[in-house]
Amino acid sequence: QVQLVESGGGLVQAGGSLRLSCAASGSIFSMRAMAWYRQAPGKARELVARMTNGGSTNYADSVKGRFTISRDNAKITVYLQMSSLKPEDTAVYYCNGDLNLQDYWGQGTQVTVSS
């Protein structure tokens, strides 16, 4: 069974940085894309960053220039480097994987940015 496990969330002051990690485990024979989403209280879940198997990336306008998605294929791990964090980045961040032609989600990791 495929699992995604996030780590790296926490409390940081505005202007600071955090790096989130998402490790995939299980029998994975196909990976089309990995992505990060976030959901703030009272808001819908939104795409933050996505990377395809070919390496193409796209970002939400609100994080362009501040966040970077990357991947370690050997470890089947995707990262989200977040810099210049703002209070409005506060949310639960979820890892998403299009793996084995199915959609998988991690359990989420809380990121809180204080002003």
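ALA74 fulfils the conditions (1) modelled with pLDDT of 95 or more; (2) more than 16 Å from THR112 (Cβ to Cβ) except for a single criterion, (1).
Within region 58-68, is even one residue of a type in the set (Lys, Arg) and in contact with a Lys or Arg (Cβ under 9 Å, 6 or more places away or on another chain)?
Of region 58-68, the ones of a type in the set (Lys, Arg) are 64, 66.
Applying the additional criterion that residues be in contact with a Lys or Arg (Cβ under 9 Å, 6 or more places away or on another chain) yields 66.
Yes, some residue in region 58-68 is of a type in the set (Lys, Arg) and in contact with a Lys or Arg (Cβ under 9 Å, 6 or more places away or on another chain).
Restricted to strands (runs of 3 or more DSSP E) entirely inside region 65-115, those with at least 1 residues that are touching a residue at least 60 places away in the same chain (Cβ under 8 Å) and either more than 15 Å from LEU18 (Cα to Cα) or not hydroxyl-bearing (Ser, Thr, Tyr) (or both) are 77-82, 91-99, 102-105, 109-114. GLY55 meets each of the listed conditions (1) touching a helix residue (DSSP H, G or I) at 6+ places or on another chain (Cβ under 7 Å); (2) without any contact (Cβ under 8 Å) to a residue 40 or more places away in the chain; (3) of a type outside the set (Ser, Thr, Tyr) apart from (1).
What are the residues in region 84-115 that are among the polar types (S, T, N, Q) and surrounded by fewer than 17 Cβ atoms within 10 Å (Cβ to Cβ), if any? Answer for region 84-115, where residues must be among the polar types (S, T, N, Q) and surrounded by fewer than 17 Cβ atoms within 10 Å (Cβ to Cβ): SER84, ASN100, GLN102, GLN107, GLN110, THR112, SER114, SER115. Within region 1-21, take every residue that is hydrophobic (A, V, I, L, M, F, W, C), in a strand (DSSP E or B) and farther than 13 Å from ASP98 by Cβ and give me the one that is modelled with the lowest pLDDT. The selected residue is VAL5.
Filtering region 69-83 down to residues that are open to solvent by 50 Å² or more (accessible area, probe 1.4 Å) and touching a Ser or Thr at 6+ places or on another chain (Cβ under 8 Å), which residue is farthest from GLN1 (Cα to Cα)? Step through it out loud before you land on a result.
Within region 69-83, the first condition is being open to solvent by 50 Å² or more (accessible area, probe 1.4 Å), and the residues that meet it are 71, 73-76, 81.
Checking the rest, the ones that are also touching a Ser or Thr at 6+ places or on another chain (Cβ under 8 Å) come to 71, 76, 81.
On the way: ARG71: 21, ILE76: 15, GLN81: 27 Å.
Ranking the candidates gives GLN81 first.
The values are calculated or read from the model by the stated rules, or taken from the named source; none is laboratory data. Computed from a prediction, not measured in an experiment: that's the story for all the values here. In this analysis, Cβ positions are derived from the backbone assuming ideal geometry, glycine residues included, and neighbour counts consider all displayed protein chains. Areas reflect the complete protein model, heavy atoms only, side chains present, ligands, DNA and RNA absent. Shrake-Rupley method; radii C 1.70, N 1.55, O 1.52, S 1.80 Å.
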